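Q: Starting off with a structure, shown below.
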Amino acid sequence: MVEFLAGNEKHRKAISGARGGLATSIMHLAELYFIVLREFGVGAANDSLTAFGQYENAIKADDVKKGMALRLESRRKRVDLSYADAIGYTISSRLGAKFLTGDRAFNDLPNVEMVR
């Protein structure tokens with residue numbers, strides 16, 4: 001979402017062409033809000049939260065379980081996934097959607113759309 005707002009054309013195309021719509025979690029919205037707040041101020045942060053908040057999907061207990069199992073498995077392989085990304089990936093899996101990321105840690109996982 002940050003790359004989209006920054007005008008990254010690859011992210012704009014990926015988000016605009018998302019089949020089945022977009023989905024995000026409250027944790028990714030919090031990250032977005034913080035970054036936009038830090039870089040552009042409260043007005044822009046509020047606007048970005050309003051724009052992307054409509055795509056919020058609730059985090060279910062099963063998402064936490066699967067996400068943290070994925071995070072632990074990844075750490076054992078010396079790959080450090082954030083809590084937000086591990087849970088976000090499990091939410092996208094539950095919804096049958098692709099997980100849009102530029103994080104190389106997700107290279108080998110199914111249903112990932114890598115955008116840089």
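Q: Output the number of the condition that GLU56 fails; it satisfies all remaining conditions of (1) in contact (Cβ under 8 Å) with a residue 60 or more places away in the chain; (2) under 11 Å from the mean Cα position of the chain (by Cα).
A: (1)
Q: Let me ask something additional. From the residues in region 58-85 that are of a type in the set (A, V, I, L, M, F, W, C) and part of a helix (DSSP H, G or I), which one is modelled with the lowest pLDDT? Talk me through it step by step, then tell me what you get.
A: The initial filter retains those residues of region 58-85 that are of a type in the set (A, V, I, L, M, F, W, C), namely 58-59, 61, 64, 68-70, 72, 79, 81, 84.
Among the residues that remain, those that are also part of a helix (DSSP H, G or I) are: 61, 64, 68-70, 72, 84.
Values: ALA61: 98, VAL64: 97, MET68: 97, ALA69: 98, LEU70: 96, LEU72: 97, ALA84: 93.
Filtering first and then ranking leaves ALA84.
Q: Here's another thing I want to ask about it. Which residue is farthest from the chain's Cα centre (by Cα), if the candidates are limited to region 1-53 and must be acidic (Asp, Glu) and either surrounded by 13 or more Cβ atoms within 10 Å (Cβ to Cβ) or within 19 Å of GLY96 (Cβ to Cβ) (or both)?
A: First pass over region 1-53, keeping only residues acidic (Asp, Glu): 3, 9, 31, 39, 47.
Still in the list and also either surrounded by 13 or more Cβ atoms within 10 Å (Cβ to Cβ) or within 19 Å of GLY96 (Cβ to Cβ) (or both): 3, 31, 47.
Numbers: GLU3: 11, GLU31: 9, ASP47: 18 Å.
Applying the filter and picking the extreme gives ASP47.
Q: What is the residue count in region 62-107 for residues that are surrounded by 14 or more Cβ atoms within 10 Å (Cβ to Cβ), among the acidic types (Asp, Glu) and more than 12 Å from HIS28 (Cβ to Cβ)?
A: 2
Q: Can you tell me which condition GLU56 does not meet? The list is (1) buried (at least 18 other Cβ atoms within 10 Å of the Cβ); (2) within 22 Å of VAL36 (Cα to Cα), and all the others hold.
A: Going through the list (1) buried (at least 18 other Cβ atoms within 10 Å of the Cβ); (2) within 22 Å of VAL36 (Cα to Cα), GLU56 breaks only (1).
Q: Output the qualifying pairs, or none if there are none: Cβ atoms under 7 angstrom, residues six or more apart or on different chains, first residue in region 85-107 and acidic (Asp, Glu), second residue part of a helix (DSSP H, G or I) and modelled with pLDDT of 90 or more.
A: If the second residue must be part of a helix (DSSP H, G or I) and modelled with pLDDT of 90 or more, the pairs left are ASP103/ASP85.
Q: Another question about this same structure. Among all residue pairs at least 6 apart or on different chains, which show Cβ distances below 7 Å where the first residue, located in region 64-80, is within 9 Å of THR90 (Cα to Cα) and the second is assigned to a loop (DSSP other than H, G, I, E, B)?
A: LEU70/LEU81
The values are calculated or read from the model by the stated rules, or taken from the named source; none is laboratory data. Everything numeric here is computed off the predicted structure, so don't read it as measured data. Note that we place each Cβ from the backbone using ideal geometry, even for glycine, and neighbour counts take in every protein chain shown.
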